[in-house]
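Following: one structure in structure tokens, then a few remarks.
The values are calculated or read from the model by the stated rules, or taken from the named source; none is laboratory data. Computed from a predicted structure; not experimentally measured. Here Cβ is always computed from backbone atoms with ideal geometry, including for glycine, and neighbour counts include all displayed protein chains.
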Amino acid sequence: MTSIEFTEEQVEQLRHERFHHPHPRVQRKMEALLLKSQGVPHWQICNVLAITENTLRAYLQAYLKGGIEKLKELNFPCPQSELVAHAETLEGYFREHPPATVKEAAAKIEQLTSIRRSQTQVRQFLKSLGMRRLKLGAIPAKADVEKQAIFKKRRAQSAVGRSPSRPAGGVLRGRGPFRVGSVSRVFMVFRALLH
């Protein structure tokens, strides 16, 4: 059993922190140390707090190393995607060449970085870059070829003449899908959020 001497000031701080700290895990650590300061045996502390003896020993070791401040530390593992290292490059590329689908974005990411990710992971990554999908009306396959050409030309012209601070006009503004005849389809287009 680890022997620790507690001052009255430390006991008061443990009493305060066990109810007033915002994180419940830290509150549990404070409760464990408070019970230890009152001479409660380890097996009873573990029973009351529903923790293992190893966890209690880890709390005691942390206290011995850094006191109450060390007990307040939370060291949760936060895994990061390998794509984070390429975030700046990919963001620049996708702002210049927005992908029409997530599948297209995944293929381009694999081509640029040699990192293969599922469509779900790519969608999440694009959202983390501040990109969002826009539902855009698309022209059906059996539509009039001339109308398609006019639509593409207008869209290209509006994108060139638009300033980055102004949102896109027409279809991109969310006025509903573009319709040709009675058939309409909605495709996803990732575009950078314009602030």
Filtering the range 83-114 down to residues that are surrounded by 16 or more Cβ atoms within 10 Å (Cβ to Cβ), without any contact (Cβ under 8 Å) to a residue 60 or more places away in the chain and of a type in the set (A, V, I, L, M) yields Leu83, Leu90, Ala106, Ile109
Residues in the range 1-10: is at least one touching a Cys at 6+ places or on another chain (Cβ under 9 Å), of a type in the set (A, V, I, L, M) and more than 30 Å from Ala156 (Cβ to Cβ)? no
Given the residues Ala87, Ala106, Ala143, Ala156, which is the only one that is modelled with pLDDT under 80 and not in a loop (DSSP other than H, G, I, E, B)? Ala156
Does the range 75-86 contain at least one residue that is among the charged types (D, E, K, R) and either over 30 Å from Gln121 (Cβ atoms) or touching a helix residue (DSSP H, G or I) at 6+ places or on another chain (Cβ under 7 Å) (or both)? no
Which numbered condition Glu17 misses (of (1) outside any helix (DSSP H, G or I); (2) in contact with a Lys or Arg (Cβ under 8 Å, 6 or more places away or on another chain); (3) not basic (Lys, Arg)): (1)
Would you mind finding the one in Leu14, Leu34, Leu56 that is crowded, with 18+ Cβ neighbours inside 10 Å and either more than 18 Å from Leu74 (Cβ to Cβ) or in contact with a Pro (Cβ under 6 Å, 6 or more places away or on another chain) (or both)? Leu34
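Tell me yes or no: at least one residue of the range 75-82 is under 32 Å from the mean Cα position of the chain (by Cα), among the small types (Gly, Ala, Ser) and within 30 Å of Ser128 (Cα to Cα).
In the first step, residues of the range 75-82 are kept if they are under 32 Å from the mean Cα position of the chain (by Cα); the result is 75-82.
Adding the requirement that they be among the small types (Gly, Ala, Ser) leaves 81.
Checking the rest, the ones that are also within 30 Å of Ser128 (Cα to Cα) come to 81.
Yes, the conditions are met somewhere in the range 75-82.
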